[in-house]
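Please read the structure below before turning to the comments.
Readers should treat all values here as calculations from the given coordinates under stated rules, not as data from a laboratory. Treat the numbers as computed from the prediction; the structure is a model and nothing was measured. Please note: Cβ atoms are built from the backbone with ideal geometry, for glycine as well, and neighbour counts cover all protein chains shown.
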């Protein structure tokens, strides 16, 4: 074989396209090409490595750990023991797990429809607001900037039975002041109201972006066909927004099944666990009850629920991701 | 008619969203005694700075601000560099299993953070990093959203420029540094805003990763003071105002990027 030198004289059997110039043999060509390919893969790995390292150590490895811990008890104080599927049995027999799952669902059921319907309505009116629109949009968006715990602290003050603005208002109009976060009936809706307040601006702008992106020709055509504004909304906007809406529902469900920050600062799960969410209980399983396996099993259940929802989301998004 | 109605509704909504924040601002400038007066006065007759001075000088609040800035800027800086590199590799380079690897990265986006909280705590514990900046900075680096974003931004760039540079003998890293980075500046800003905002508002991880008073961030610091300050809403309000002012100022400067970032960030819970 002629593998000694990269640039050797061309074998006689090989026809030269331009006489007088050296030409690589086929083997040399293949060898150089291989080296180039290896170099290229090495460069790509070099560019990906810093990110992949962290993804593996702090995301995929913990995921594997959740799976292993699911079959264990102990770990923090007691020695680790393998217990098979006993943790699953325990979580389904623990009334608090069922209660926190229920609470998380109640949060989702209260927050999501309110937030999305209001968000869409605000987006629809924002469309007609031209002058001063930027200022008004910024004001609506302000709560979105607040870290959830800060928003929670603000509402803790607003909802205070003695000093809070809500009860001041009720006293002004002559109604009886209420106890919000201390009552088993009102605590969850109050936290939910805070969640709606702090995220409504986001959804308004999300829907506004979708509305602005709609093809204008369809509206003009509908207008020519004599459709009034309600009909245009019903027969043009809504069908076009279907995907946007579905995506928002899935996304909001994923967010709201994981409520923790607001509950942590506003009620810490109380009164009588009526606002305790699933994630709140995972946190408590580790830091208050030292039940790692139990917490990991709940975490795995949460993971399954979120994964199922994410798969739906992926289907909706597939075209945008482009893989 | 429609316009008037729209304005009316928008103004009501804008007030509902922003009035609590202005109310907090007003409360932070009032003596705690005045909170008990009835009817409440909205604009304090004289500005009372006591809440701010006790927050700044009698609590570790300034230390929390410093911690937050150190952590959020470190994460942002590292993420912008790493994610643009990975985004470039996924967008422009050809290597085996590229698409498969990218699908895996996208899949990791579905892992909710609260699901890996417990093992992550043990990993940091075993490294002996609890209560350090490392504990706050390293785990947030494992977030694939930036790779996804940067790939999208870089994919749209024309190949001709890089190829021209390649013919001139520029190395791949040189192309990344001198061709790709300047061209995706708008994308880098969106990613930086998104990362900074995520870090600035993050709560559950710092809550478990550090417990020293001096290592808290603004969010965890204020939240854990709840039982100490009880109903001292003046000092809470001052804290909330101090936490919000930088982010609001930042928002007013970079409004477009903020909204782009939060819409993009919606993909990751």
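With the alpha-carbon atoms of the stretch A:17-58 aligned to their principal axes, the span from lowest to highest coordinate is 59, 15, 10 Å, starting with the largest.
In the stretch A:68-163, Cα pairs under 8 Å separated by at least six residues give a relative contact order of 11 percent. In the calculated pair-distance distribution of the stretch A:251-323, the portion above 18 angstrom amounts to 50 percent of the Cα-Cα pairs. The angle between the Cα long axis of helix B:2-28 and the main principal axis of chain B comes to about 70°, on a 0 to 90 degree scale.
Considering only A:238, A:118, A:302, give the residue with the highest GNM mean-square fluctuation for chain A, with springs between Cα atoms whenever their separation is below 10 Å. Fluctuation is largest for A:238.
From the largest down, the stretch B:49-178 spans 64, 35, 24 angstrom on the principal axes of its Cα atoms.
Here the Debye sum runs over all C-alpha atoms of the stretch B:161-208 as equal scatterers in vacuum, and log10 of I(q)/I(0) at q = 0.13, 0.32 Å⁻¹ comes out as -0.49, -1.05. Taking B:32, B:199, B:230 in turn, the Gaussian network model of chain B (Cα-Cα springs below 10 Å) assigns the largest fluctuation to B:230. For the pair residue B:171 and residue A:64, a Förster radius of 35 Å applied to the C-beta separation gives a FRET efficiency near 0.45, rounded to the nearest 0.05.
Counting only alpha carbon atoms, the long axis of helix A:95-128 and the longest principal axis of chain A meet at about 80°.
Volume per residue for the stretch B:194-269 equals 107 cubic angstrom (convex hull of Cα atoms). Quotient of the Cα radius of gyration of the stretch B:1-114 and 2.2 N^0.38 Å, N being its number of residues: 1.87. Using C-alpha pairs under 8 Å with a sequence gap of at least 6, the mean separation divided by the residue count of the stretch A:94-321 gives a relative contact order of 30 percent. Is the shape of the stretch A:194-234 best called rounded, prolate or oblate, per the rule: a/c under 1.5 gives rounded, else a/b larger than b/c gives prolate, else oblate, with a ≥ b ≥ c the square roots of the Cα gyration tensor eigenvalues? Oblate, since a/c reaches 1.5 and b/c is not below a/b. Dividing the mean sequence gap of close Cα pairs (under 8 Å, 6+ apart) by how many residues chain B holds gives a relative contact order of 33 percent.
Note on chain B: Kirkwood hydrodynamic radius from all Cα pairs is 21.6 Å, rounded to one decimal.
With respect to chain A, whose longest principal axis is taken over its alpha-carbon atoms, helix A:26-55 is tilted by about 20°. Distance from the alpha carbon centroid of the stretch B:208-269 to that of the stretch A:257-277 works out to 19 angstrom. Output needed for chain A: three equivalent-ellipsoid semi-axes, defined as square roots of 5 times the C-alpha gyration tensor eigenvalues, in descending order, whole Å. Semi-axes, largest first: 53, 36, 17 Å. Its DSSP H runs of at least 4 residues, each contributing -39,500 (n - 2.57), put the calculated 222 nm mean residue ellipticity of chain A at -22000 deg cm²/dmol, to the nearest 500.
For chain B, modelled as a GNM with alpha-carbon contacts under 10 angstrom, which of B:249, B:91, B:135 fluctuates the most? Of B:249, B:91, B:135, the most mobile in the Gaussian network model is B:249. A straight line joining the Cα centroids of the stretch B:63-121 and the stretch A:78-121 runs 27 Å. Summary of the geometry: the stretch A:31-70 and the stretch B:127-187, compared by the centres of their Cα atoms, lie 15 Å apart. One quarter of the convex hull surface built on the alpha carbon atoms of the protein assembly as shown amounts to 37.1 nm², the projected area averaged over directions. Distance between the pseudo-spin-label points of residue A:81 and residue A:42 (7 Å out from Cα toward the beta carbon): 5.4 nm.
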